Amino acid sequence: MTEEARQHVLDINDEQLRRLIHEHLKVFAKFTSENCPVCAALAPPFDKFVDAPGNVGILFVRLNSDENPVAKKMMDQKVAPFFVSYCQGRLLECDALTEETQVVAQLERLRAFMPITG
């Protein structure tokens, strides 16, 4: 895949997230925090999900919860990293995950989710 064709994880803010979950059919978001060793450990796998053939059509985004009030509020009772799946602007699943296998499982459920048509 050429560098121009490569997808990238988008670093966004709260306002952009609200807009993007309605503009894209499926969105997979990672909420991170500064000085979070688990966030750093899961960064390379999260970045590689973007280019996996099965993930075509899913928008991958990352928000720093330290800089975004809505993200910070979502994470009030959770620890980073916090992963959220959206389809057709609706939240499907959210959880604090610490293992790559857990993230892959949540991503697989998002891929398998059949959106409402009609």
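Read-outs throughout are calculated quantities, based only on the coordinates presented, and are distinct from any laboratory measurement. Keep in mind that what you see is a predicted model, and the values were worked out from it rather than measured. With ideal geometry, Cβ positions are generated from the backbone for all residues, glycine too; neighbour counts draw on all protein chains shown.
With pairing defined as another cysteine C-beta under 4.7 Å, the cysteines of the chain that fail it are 87, 94.
A simple spin-label model places pseudo-atoms 7 Å from Cα toward Cβ; at residue 11 and residue 48 they are separated by 2.2 nm.
Mean-square fluctuations from a GNM of the chain, with a 10 angstrom spring cutoff on Cα atoms, peak among 81, 53, 44 at 53. I'm spelling it out carefully: the read-out is Cα Rg over 2.2 N^0.38 Å, the candidates are [x] 1.14; [y] 1.01; [z] 1.26, and one was derived from this structure. Which label? Computing Cα Rg over 2.2 N^0.38 Å and matching it to [x] 1.14; [y] 1.01; [z] 1.26 gives [y].
Highest GNM mean-square fluctuation among 21, 12, 58, for the chain modelled with Cα contacts below 10 Å: 12.
Residues whose amide H falls under 5 Å from that of residue 66, counting only those 5 or more places apart or on a different chain, are 34, with hydrogens built in the peptide plane. Loop-resident chymotrypsin sites (Phe, Trp or Tyr not before Pro) (DSSP state other than H, G, I, E or B) in segment 14-118 with no more than 16 further Cβ atoms inside 10 Å of their Cβ: 113. Secondary-structure-derived ellipticity at 222 nm for the chain, considering helices only, amounts to -10500 deg cm²/dmol, per-run term -39500 (n - 2.57) for DSSP H runs with n ≥ 4. Using 0.36 nm per residue and subtracting the Cα-Cα separation, the extra length available between residue 70 and residue 18 on full extension is 17.7 nm.
Placing dummy labels 7 Å off each Cα toward the beta-carbon, the span from residue 34 to residue 102 is 2.5 nm.
Test of understanding: in a Gaussian network model of the chain with alpha carbons linked when under 10 Å, which of 71, 29, 40 would top the mean-square fluctuation ranking? With Cα springs under 10 Å in the chain, the top fluctuation among 71, 29, 40 is at 40. For segment 10-112, DSSP calls about 55 percent of its internal beta bridges antiparallel. In the chain, the sites counted are GluC sites (Glu not before Pro) in DSSP loop states with at most 10 other Cβ atoms within 10 Å, and the longest stretch holding none of them, exclusive of the sites, is 35-118.
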